[in-house]
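Q: I have a structure here, written as structure tokens, and I will follow up with some questions on it.
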Amino acid sequence: MLKKLATRLFGGGPSGRSEKGFFLIVRCSGCGEEFNLFINKSTNLSQNFDEQGGVTYFLNKEIIGSRCRNLIHVRMEFDGARNLVSREIENGEFIDGD
Ligand SMILES: [Zn+2]
């Protein structure tokens, strides 16, 4: 049930939702628990100033589930238009809709 909903939201179609944020879905590598977090691009991203004076954005997220003590660490980087350019995860894996 939850999976179906997540897929539908990702498959999205034309909506303003993708501009405001996105769903970060990860699975704990310790116990397999899944987390579905909505990341608001306006409020959840931190600013990062590069050497040229431009602004990029990044997100650092630490997630601890209820089933185990594994700490999942997500880091995502975005360009000045808040488009995702890179991402990495420790102690877990990304689950994508596509
Ligand atoms: Zn876990």
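The values are calculated or read from the model by the stated rules, or taken from the named source; none is laboratory data. Here the structure is a predicted model, which means the values were calculated and not measured. Here the Cβ is made from the backbone with ideal geometry for all residues, glycine too, and neighbour counts use every protein chain on show.
Q: Could you list, in sequence order, the residues of the range 27-42 that are hydrophobic (A, V, I, L, M, F, W, C) and within 19 Å of Leu84 (Cβ to Cβ)?
A: Residues satisfying the conditions are Phe35, Leu37, Phe38, Ile39.
Q: With the condition kept exactly as written, say whether any residue in the range 37-60 is in contact with a Gly (Cβ under 8 Å, 6 or more places away or on another chain) and touching a residue at least 60 places away in the same chain (Cβ under 8 Å).
A: Checked the range 37-60: no residue is in contact with a Gly (Cβ under 8 Å, 6 or more places away or on another chain) and touching a residue at least 60 places away in the same chain (Cβ under 8 Å).
Q: Kindly provide the set of residues from the range 40-98 that are small (Gly, Ala, Ser) and over 16 Å from Ile25 (Cβ atoms), ordered by number. Break it down stepwise before answering.
A: Initial filter on the range 40-98 (small (Gly, Ala, Ser)): 42, 46, 53-54, 65-66, 80-81, 86, 92, 97.
Answer for the range 40-98, where residues must be small (Gly, Ala, Ser) and over 16 Å from Ile25 (Cβ atoms): Ser42, Ser46, Gly53, Gly54, Ser66, Gly80, Ala81, Ser86.
Q: So, in the range 28-55, exactly how many residues are acidic (Asp, Glu) and either within 10 Å of Gly92 (Cβ to Cβ) or touching a helix residue (DSSP H, G or I) at 6+ places or on another chain (Cβ under 7 Å) (or both)?
A: Count: 2.
Q: Out of the residues in the range 1-37 that are more than 17 Å from Glu77 (Cα to Cα) and charged (D, E, K, R), state the one that is modelled with the lowest pLDDT.
A: The selected residue is Arg17.
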